[in-house]
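Okay, so here's the structure we're looking at.
Each reported figure results from applying straightforward, stated rules to the coordinates on display, with no laboratory input. Note that the structure is a prediction, hence the values are computed from the model and not measured. Cβ sites come from the backbone with ideal geometry, for glycine too, and all protein chains shown count toward neighbours.
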Amino acid sequence: MKLKELVKNVKSKKIVNEKDIDITGISYNSKTVKKGDIFVCLKGEHSDGHDYAQTAVENGAAALYCEKELPLDIPQVIVESTRHEIADIAAEFYGYPSKKLNLIGVTGTNGKTTVTHLIQRIVEDANHKCALIGTLGYKLSGKDSYHDAKHTTPQAPELQKTLEMICEQNIDYVAMEVSSHALEQNRVGGCDFNGAVFTNLTQDHLDYHITMKNYFEAKAILFRGLKPGAFAVINNDDEYAENFKSVVSEGVKIYTYGIKQQADIMACDIDFSIHGAKFNCKINGREKPVNLQMNGMFSVYNALAALAAGIAMGFDENVCIKALEETKSVDGRFEIVNKKPLVIVDYAHTPDGLENVLKAARELTPKESNLICMFGCGGDRDATKRPKMGKIADENADIVVVTSDNPRSEDPQLIISDILAGIKSVNTQKVFVEPDRRTAISMLKNIAKENDVVVLAGKGHEDYQILKDKTIHFDDREEARKVFS
């Protein structure tokens, strides 16, 4: 593609050393840039791509996409923010693939992964092809295995390339997790969404967004961008529901779901067992029984969100419900890895997520038995949620084991101290501390009795642990099976 064609829709641009050369790719890593690429000088938290432009040119970059003129004799497209405007050229380069797809974005603090998987299942059971993009990578179908992705929502060039590949596979639908970071950084710029789903909004990522208002505004970008004819699915029980409704444009149809507040799609008469959640679903006044294989109140909400999206897309409600009933839990989401004691692995890493998982686990805990919670908090992330999570574990579990999550550059002991600040209990038989996560899981063998329920929270599907100087292989599910087998 010619450079002039590539940047024709970029609003805030100035071009120096202009030549209408061929651009054969987009890169923002000077080490992997290929001959003919336009190199995007991205500013990050710890590095500035402008410092690597010379290396990129030496490695074959044909042009630069930058925020200031550099002393290099090649075409340079100068814009206000490369981070926000990389999406403009990525979508152009790959031919705006989302316009050829039914693209459904799912955003919220918790539940994104499960809801996208449920939507994928509904679409495929309605005899359409559906790809998935999210935390675990991307899948071209429900039967496909995951292909690795570095972020919940990939950077714009990778995202647009993935969407183009999905088009080439003649796939009609895509269910995509859309993170607040991706929205705020415009990674999904150039994406034409047919629908958006809001799960919930609770404290997370405040190290990045600083305030809940900023966090909401980032999530709201997805809904503000919906065009007439699209749909918005909103959790009516969430305290931010009205805020999300207020940003939706006229001509976008709103579908609500919930349990407490009146909504288009509701669940009532909810019952939990080791086999899953049962409830009656009210769809515009009509009741239908639903038997999920997934467990917990959060699973009921996730199912309602996916069901509302299925109905919004025009699929038969009976097909949608059958798809939900036949879906087993997603990897690392309330995943049962041992029966006696009952050991549950979950990705819960926010105060709200941990509380929801513990409440769901309590429903499965026999009266005379203990609910045991093992968790830690990530380093280099929002520290204010640590004492809150300690308090939630203390109030909702009978025994708490505090350990490490992904400490990153922080001292694990200091992270644990932050968590313990929220725990009131001084009973040494209730609260245990073990910084080494592998050892902490081993300790549970002596703590948990046969009929107890154990929740390993925080890492879920992750098969690694990020330490100060290295990343090691670590999987809660593997470790638990070793200990309890």
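Overview of values
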read-out	value
DSSP beta bridge pairing in the stretch 97-325, given as percent antiparallel to the nearest 5	40
0 to 90° range, to nearest 10: angle between helix 212-224 axis and the chain longest Cα axis	60
Computed over the stretch 1-102, the ratio Rg/Rh where both radii use C-alpha atoms and Rh is Kirkwood	0.95
Between helix 297-312 and the chain: long-axis angle, C-alpha atoms, 0 to 90°, nearest 10	40
Cα-based Kirkwood hydrodynamic radius, the stretch 335-484, one decimal, Å	14.9
Order of ASP48, ASP469, ASP418 - criterion: other Cβ atoms within 10 Å of each residue's Cβ, fewest first	ASP469, ASP48, ASP418
Residue-span extension gain [LYS143 to LYS482] - 0.36 nm each, minus C-alpha spacing	119.2 nm
Cβ crowding within 10 Å averaged over residues, with 295-303, 186-194 ranked highest first	295-303, 186-194
Scattering profile of the stretch 97-325 at q = 0.18 Å⁻¹ [log10 I(q)/I(0), Debye over alpha-carbon scatterers]	-1.39
Relative contact order, percent, the chain [alpha-carbon distance under 8 Å, six or more residues apart]	10
THR82, THR116 arranged by Cβ crowding within 10 Å, fewest neighbours leading	THR82, THR116
Förster radius 56 Å - calculated FRET efficiency between ASP269 and SER81, Cβ distance, rounded to 0.05	0.65
Rounded to 5, percent antiparallel among DSSP beta bridges of the chain	35
Isolated Cys in the chain, by beta carbon distance under 4.7 Å	CYS130, CYS167, CYS191, CYS268, CYS281, CYS320, CYS373, CYS377
Counting DSSP beta bridges with both ends in the stretch 335-484, the antiparallel % (nearest 5)	25
Simple spin-label estimate for ASP380 and ARG362 in nanometres, 7 Å along Cα-Cβ	3.6
Ordering of 236-246, 97-107 by packing [mean C-beta count within 10 Å, highest first]	97-107, 236-246
Listed peptides 267-278, 333-344, 65-76, 128-139 by packing density, highest first (mean Cβ within 10 Å)	128-139, 333-344, 65-76, 267-278
Helix 351-362 vs. the chain, principal-axis angle (Cα, 0 to 90°, nearest 10)	40
Additional length obtainable on full extension of the chain from ILE21 to GLU395, 0.36 nm per residue less Cα span	128.3 nm
Length gained when the stretch ASP48-ASP436 is fully extended (0.36 nm per residue, less Cα-Cα span)	136.2 nm
Prolate/oblate/rounded call for the stretch 81-224, Cα gyration tensor, a/c under 1.5 rounded	oblate
